[in-house]
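S.K.: Here it is: the structure, laid out below.
The values are calculated or read from the model by the stated rules, or taken from the named source; none is laboratory data. A quick note: this is a predicted structure, and the numbers were derived from the prediction, not measured. Virtual Cβ from ideal backbone geometry, glycine too; neighbours counted across all protein chains shown. Quick note on the areas: whole protein, heavy atoms, side chains included, nothing else; ligands and nucleic acids left out. Shrake-Rupley method; radii C 1.70, N 1.55, O 1.52, S 1.80 Å.
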Amino acid sequence: MDLAAKWAVGAGPGGAESVEGDFHGFVAARSAALFRSALVLTGSRDAAEDLVQETLERACRKWRAISAKDAPDAYVRRIMVNLANDRWRRFRRTAQHPADGGPAAPGDEYGRIDSRDQLVRALQQLPIRMRTVVVLRYYHDLSDAEIAADLKISPSTVRSQLARGIDRLRRQFPEPSAPSPQQLLEGTR
């Protein structure tokens with residue numbers, strides 16, 4: 001029996017202890033994924049930790065009702081998106097971060113971290129709904145219909161927001177140049 005099936009079963013004969021155990025199981029199984037999403041939504045490790053904590057706090061308060069739903073993961077994800085939207089409205093970012101540096105060389109772990117940081121910063125420049133759609137599509141692998149249901153918007157709005165978001169992200173990152181003939185002959189060392 002997978003976790004989703006166990007959550008759908010409900011408290012059973014164990015009562016509140018079983019519900020609490022189910023919530024602890026959910027947190028153990030999903031907290032890393034929630035943190036990754038929160039990090040992309042907020043752009044800051046501290047803010048992401050706070051967002052996940054507040055999300056799980058709200059989910060804990062209503063866990064009996066949430067666990068009875070068909071998809072508790074989607075419900076908790078929606079709580080996080082709503083909280084991120086609220087934070088975004090309250091604390092609009094005014095500081096612009098420079099996007100310096102080029103693409104990372106193959107095997108350059110520090111460069112990959114810089115590239116990831118640049119991507120998170122670029123995502124922060126997107127409007128919150130557009131950013132949320134991009135994160136749900138590419139970090140959570142959700143379909144248009146699932147994103148539309150989570151955000152209570154139409155699938156065509158999801159596709160539109162996704163296309164515009166990806167276009168904006170592509171404009172922020174230059175196309176990698178083709179290797180020169182000399183580089184092709186030498187190969188990578």
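S.K.: When residues of region 46-85 are filtered for being closer than 18 Å to residue 128 by Cβ and aliphatic (A, V, I, L, M), how many remain?
M.R.: The number of residues fulfilling the criteria is 9.
S.K.: Here's something else I'd like to know. Have a look at 121, 159 and point out the one that is modelled with pLDDT under 85 and either surrounded by 15 or more Cβ atoms within 10 Å (Cβ to Cβ) or in contact with a strand residue (DSSP E or B) (Cβ under 7 Å, 6 or more places away or on another chain) (or both).
M.R.: 121
S.K.: When residues of region 124-156 are filtered for being modelled with pLDDT under 90, polar (S, T, N, Q) and assigned to a loop (DSSP other than H, G, I, E, B), how many remain?
M.R.: Counting residues in region 124-156 that are modelled with pLDDT under 90, polar (S, T, N, Q) and assigned to a loop (DSSP other than H, G, I, E, B) gives 1.
S.K.: Looking at this structure, is residue 108 surrounded by 12 or more Cβ atoms within 10 Å (Cβ to Cβ), at pLDDT below 85 and over 22 Å from the mean Cα position of the chain (by Cα)?
M.R.: yes
S.K.: Mind listing whichever residues of region 40-72 are open to solvent by less than 80 Å² (accessible area, probe 1.4 Å) and in contact with a Gly (Cβ under 9 Å, 6 or more places away or on another chain)?
M.R.: 67, 68
S.K.: Can I ask one more? Can you give me the number of residues within region 162-189 that are surrounded by 10 or more Cβ atoms within 10 Å (Cβ to Cβ) and at pLDDT below 65?
M.R.: 3
S.K.: May I ask you to list pairs of residues, at least six apart or on different chains, whose Cβ atoms are under 9 Å apart, with the first in region 64-83 being not assigned by the TED database to the domain that holds residue 30 and the second being of a type in the set (D, E, K, R)?
M.R.: No pair meets every condition.
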